[in-house]
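Reviewing the structure listed below.
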Amino acid sequence: MVKLGVIVASVRETRVGLPIAEWFIRVAAANPAFEITLIDLKTINLPMLSEPDHPRLKKYTHPETQAWSATVAAHDAFVIVTPEYNHGAPPALINALDQLYQEWNYKPAGFVSYGGVSAGLRSVAMTKSILTTLKVVPIVEAVAIPNFPTLMDKDTGQFIGSEGLDKSALGMLKELARWASALRTLRA
Ligand SMILES: Cc1cc2nc3c(=O)[nH]c(=O)nc-3n(C[C@H](O)[C@H](O)[C@H](O)COP(=O)(O)O)c2cc1C
């Protein structure tokens, strides 16, 4: 089984990131290769990076960083659910990535991004350069959701999705499983 962490990158009170992540997890349940955990950066509530040493030394002094280290270390692969803010990545996501190093190494990551016409893709592009520095392999297959408000259920606040998005999600997961299996060798 691949232990997959679905990271919710937005932490705003009224965020749509959570219902979109919940939709993705519902779709992903069709793939038995994964054991899925929701990693909600709002609940995790990391302080801004303030450790005295570089994360590669793993000399964490704050209990929040130690707990975050254990969470990331326990997963084999990630899907990052992200909007873009001002054509960039959410600050909570960048902060969460920067806090650790070895725990991310040699693991694959896919994206579910959402926004206006851009579908959040500028956040994905920005995050990819951080991920490669952390030796995370960002995969090409992705779920990109343009004009997300048209797919929200106004009464329940749930994300409805579509046949095409389900297909993208399942295609990305299939590829993510292959990468997770291959990269496990490098982590051994
Ligand atoms: C500070 C801020 C900047 C934004 N910048 C963009 C942007 O550059 N591109 C875009 O498509 N949407 C942008 N939006 C609109 C977001 O797509 C929309 O608010 C979305 O709900 C954000 O995701 P979240 O609800 O999960 O936080 C921005 C929203 C905020 C609050």
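The values are calculated or read from the model by the stated rules, or taken from the named source; none is laboratory data. Only a predicted model underlies this, so the values are computations on that prediction, with no experimental measurement involved. FYI the Cβ positions are ideal-geometry reconstructions off the backbone, even for glycines, and counts take in every protein chain you see. With ligands, DNA and RNA removed, areas are computed over all heavy atoms of the protein, side chains included. Shrake-Rupley method; radii C 1.70, N 1.55, O 1.52, S 1.80 Å.
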Any residue that is in contact with a Gly (Cβ under 6 Å, 6 or more places away or on another chain), within 16 Å of the ligand (Cβ to nearest atom), β-branched (Val, Ile, Thr) and closer than 29 Å to Thr156 by Cβ - is there at least one of those in the range 10-28?
no
If we keep just the residues of the range 54-89 that are within 16 Å of the ligand (Cβ to nearest atom) and closer than 22 Å to Met172 by Cα, which is farthest from the chain's Cα centre (by Cα)?
Glu84
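For the subset of the range 23-64 comprising residues that are among the hydroxyl-bearing types (Ser, Thr, Tyr) and within 21 Å of Pro90 (Cα to Cα), which member is modelled with the lowest pLDDT?
Among residues in the range 23-64 that are among the hydroxyl-bearing types (Ser, Thr, Tyr) and within 21 Å of Pro90 (Cα to Cα), the one modelled with the lowest pLDDT is Ser50.
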Taking first residues from the range 116-136 that are of a type in the set (A, V, I, L, M, F, W, C) and second residues anywhere that are within 12 Å of the ligand (Cβ to nearest atom) and outside any strand (DSSP E or B), the pairs with Cβ under 6 Å that are 6 or more apart or on different chains are Val117/Pro146; Ala119/Pro146; Met126/Ala89
Complete set of residues in the range 153-186 that are among the small types (Gly, Ala, Ser) and out of contact with any Asp or Glu (no Cβ under 7 Å at 6 or more places or on another chain)
Gly157, Gly161, Ser162, Gly164, Ser168, Ala169, Ala177, Ser181, Ala182
For residues that are within 16 Å of the ligand (Cβ to nearest atom) and not in a loop (DSSP other than H, G, I, E, B), scanning just the range 96-118, find the one that is farthest from Leu186 (Cα to Cα).
Tyr114
Any idea which of (1) open to solvent by less than 10 Å² (accessible area, probe 1.4 Å); (2) free of Cβ contacts under 8 Å to residues at least 24 places away in the same chain is the one Phe159 doesn't satisfy?
(2)
Would you list the helices (runs of 4 or more DSSP H) that sit entirely within the range 1-95 and hold 2 or more residues that are open to solvent by 10 Å² or more (accessible area, probe 1.4 Å) and more than 23 Å from Lys128 (Cα to Cα)?
17-28, 63-73
